[in-house]
Amino acid sequence: MHEKQKLLASLPSVDEILKSQQGLEWLNKYPRKFVIQGIREAIDSQRKAIIENISFDFSPEDLNKEILKRIEFLSSYSLKHVINATGVVIHTNLGRSILSEKILENILKISSGYSNLEYDIEKGKRGKRYTHVKRILREVTGAEDALVVNNNAAAVFLSLNTLAKNKEVIVSRGELVEIGGSFRIPDVMKSSGAILREVGTTNKTHLFDYEQAINENTALILKVHKSNYRITGFSDEVPIEELVRLGRKHNIPVMFDLGSGCLIDLKQYGIHDEPAVKDIVKKGVDLTTFSGDKLLGGPQGGVIVGSKFYIDKIQKNPITRAVRVDKLTLAGFEATLMEYVDEEKAVKNIPTLRMILQSPEEIKKRAECFARKIKKYIANAIIKVMPDTSRAGGGSLPETDFPTFVVSIKPLNITVNEFEEKLRKGTPPVIARIKEDSLLFDARTLNEKDFPELVSRITSVLQ
Ligand SMILES: *Cc1c(COP(=O)(O)O)cnc(C)c1O
């Protein structure tokens, strides 16, 4: 008992540590508030350990280490850079599309100074923020008019709320999509005030199903792209061109929620289930909605393209103000879309497209280069380059396997689960996939500029 009291009495005070050489160094580097909190937490935890007979001694060095760990945690940002070794290019949990330097330069330029965000330079008076991306969107989609909002969920919500509040919207039962993250067509429909009129069955919907559902309260025919699933076997859906014809006949607008919204024709790359926005627009669809950060490869955003008549209406909806994009997004969007004027450049310059469409040979070269670098430092693991497959992610191209190459590392001194956890919890976190007793690093989503950091993380975990 006496020993315990002595030990407790020997714990330094917050003030003593603050005034020590080490304390002064911390105060120089970190916010005072976090330094004090870090010291207090570490002392409290040490005191508790003594009282509960967990600790019978402590060294000032260990205490300082504990304090620093806490100060660093308190001062660090929650949103961090991570290394994506999953091979999933549009990884929704890891931030979806990444942006190129060129696009970031434009965001930096526009947001670090003033801009004509809502100023008409020609006329010298107030302008509209939405005008900035209209021209380029018309150019790359062939649509008459366009509007960009916060994300595609907002684009769908806004369109339904503007065109179909308290009115019926006809949707096939095979297309009542859930995207994840609580975006479900029936729920969005409900909260927008539109009334869902389901037609057909899960596997088959015919044109007559739509036609029979039309009544004087029908405001819209909606088609939804089966982003993250496919219905195969005994199944049928109505092509968009037939829905457009039906809509024209009854004077009802037709909308297509494309989800991903690819701006190039992927058929030339052997991908047939993701239509190009341009081809959909050409078919006369009144409104087409899609994401900015899926296959398009830009910042988060939702694009609505189609007839000026309906887009004008949507722009006037007061809710548009609540889901409007900021200048960072607009700057990123305009620069991304500009790349699409020349499709060959888009495939090279937009990281999402480049990573999805790169050849297995290129990926293999990068995997081999990475494997060589780690082999230099690591002896206690089995390191191999192997063929595998990766997926696009982000609810895009769910059935398409992209041949890839992975670096497989089987640790010999720790379990694969420990290996995975330590890589995930360090700085920067590395996210990789376990397969049997190896950890797989898919070179599709690895960037050469991440190699030094990645190699040093792996080395520190395995040594
Ligand atoms: C992804 C997706 C959405 C939601 O888009 P966000 O940009 O994530 O809001 C809506 N509809 C479909 C069909 C989708 O695939």
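What's the total number of residues in segment 69-93 that are in a strand (DSSP E or B), aliphatic (A, V, I, L, M) and within 17 Å of GLY394 (Cβ to Cβ)? Don't jump to the end; show me each part of the working.
We begin by selecting, within segment 69-93, every residue in a strand (DSSP E or B); these are 83-84, 90.
Those left that are additionally aliphatic (A, V, I, L, M): 83, 90.
Filter again for within 17 Å of GLY394 (Cβ to Cβ), leaving 90.
So the answer is 1.
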Some residue of segment 209-218 being within 16 Å of the ligand (Cβ to nearest atom) and modelled with pLDDT of 95 or more: no
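Could you list, in sequence order, all residues of segment 10-31 that are in contact with a Leu (Cβ under 9 Å, 6 or more places away or on another chain) and either charged (D, E, K, R) or within 26 Å of TYR77 (Cα to Cα) (or both)? Give the derivation first.
So the first thing to find is which residues in segment 10-31 are in contact with a Leu (Cβ under 9 Å, 6 or more places away or on another chain), and the list is 11-12, 17-18, 22, 24, 26-27, 30-31.
Correct list: ILE17, LEU18, GLN22, LEU24, TRP26, LEU27, TYR30, PRO31.
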The lone exception for ARG96 - which of (1) basic (Lys, Arg); (2) more than 16 Å from the ligand (Cβ to nearest atom); (3) crowded, with 20+ Cβ neighbours inside 10 Å it fails: (2)
Odd one out for ILE271, checked against (1) surrounded by fewer than 23 Cβ atoms within 10 Å (Cβ to Cβ); (2) in a loop (DSSP other than H, G, I, E, B); (3) at pLDDT 95 or above; (4) aliphatic (A, V, I, L, M): (3)
Segment 137-158 residues that are farther than 11 Å from ILE304 by Cβ, paired with ones that are away from the ligand (no atom under 16 Å from the Cβ) and assigned to a loop (DSSP other than H, G, I, E, B) (beta carbon under 6 Å, 6 or more apart): VAL140/TYR340; GLU144/SER307
Unmet requirement for SER191, which otherwise passes all of (1) within 16 Å of the ligand (Cβ to nearest atom); (2) closer than 16 Å to ILE311 by Cβ; (3) hydroxyl-bearing (Ser, Thr, Tyr): (2)
Within segment 354-463, strands (runs of 3 or more DSSP E) holding 1 or more residues that are within 22 Å of ILE271 (Cβ to Cβ) and free of Cβ contacts under 8 Å to residues at least 60 places away in the same chain: 381-390, 402-411
Tally, over segment 222-249, of residues that are without any contact (Cβ under 8 Å) to a residue 60 or more places away in the chain and either away from the ligand (no atom under 16 Å from the Cβ) or more than 31 Å from the chain's Cα centre (by Cα) (or both): 14
Residues (within 14 Å of the ligand (Cβ to nearest atom) and of a type outside the set (Gly, Ala, Ser)) located in segment 250-271: MET255, PHE256, ASP257, LEU258, CYS262
Qualifying residue in segment 316-335 (condition: among the hydroxyl-bearing types (Ser, Thr, Tyr), in a helix (DSSP H, G or I) and more than 15 Å from the ligand (Cβ to nearest atom)): yes
Subset tally (residues that are touching a Leu at 6+ places or on another chain (Cβ under 9 Å) and either more than 8 Å from the ligand (Cβ to nearest atom) or outside the structural domain of TYR210 (by TED's automatic domain parsing) (or both)) for segment 143-171: 16
ILE280 vs. criteria surrounded by fewer than 17 Cβ atoms within 10 Å (Cβ to Cβ), within 16 Å of the ligand (Cβ to nearest atom) and within 25 Å of VAL171 (Cα to Cα): no
In segment 297-327, the residues that are under 25 Å from TYR114 (Cβ atoms) and surrounded by fewer than 15 Cβ atoms within 10 Å (Cβ to Cβ): ARG321, ALA322, ASP326
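Regarding LEU287, is this residue within 16 Å of the ligand (Cβ to nearest atom), touching a residue at least 60 places away in the same chain (Cβ under 8 Å) and over 19 Å from LEU158 (Cα atoms)?
Working: within 16 Å of the ligand (Cβ to nearest atom): yes; touching a residue at least 60 places away in the same chain (Cβ under 8 Å): yes; over 19 Å from LEU158 (Cα atoms): no.
So LEU287 does not fit the description; no.
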Index of the failed condition, PRO299 passing every other in (1) modelled with pLDDT of 95 or more; (2) more than 16 Å from the ligand (Cβ to nearest atom); (3) part of a loop (DSSP other than H, G, I, E, B): (2)
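The values are calculated or read from the model by the stated rules, or taken from the named source; none is laboratory data. Every value quoted in this text rests on a predicted model; they were computed, and no experiment measured them. Glycine also receives a Cβ, built like all others from the backbone with ideal geometry; neighbour counts cover every protein chain displayed.
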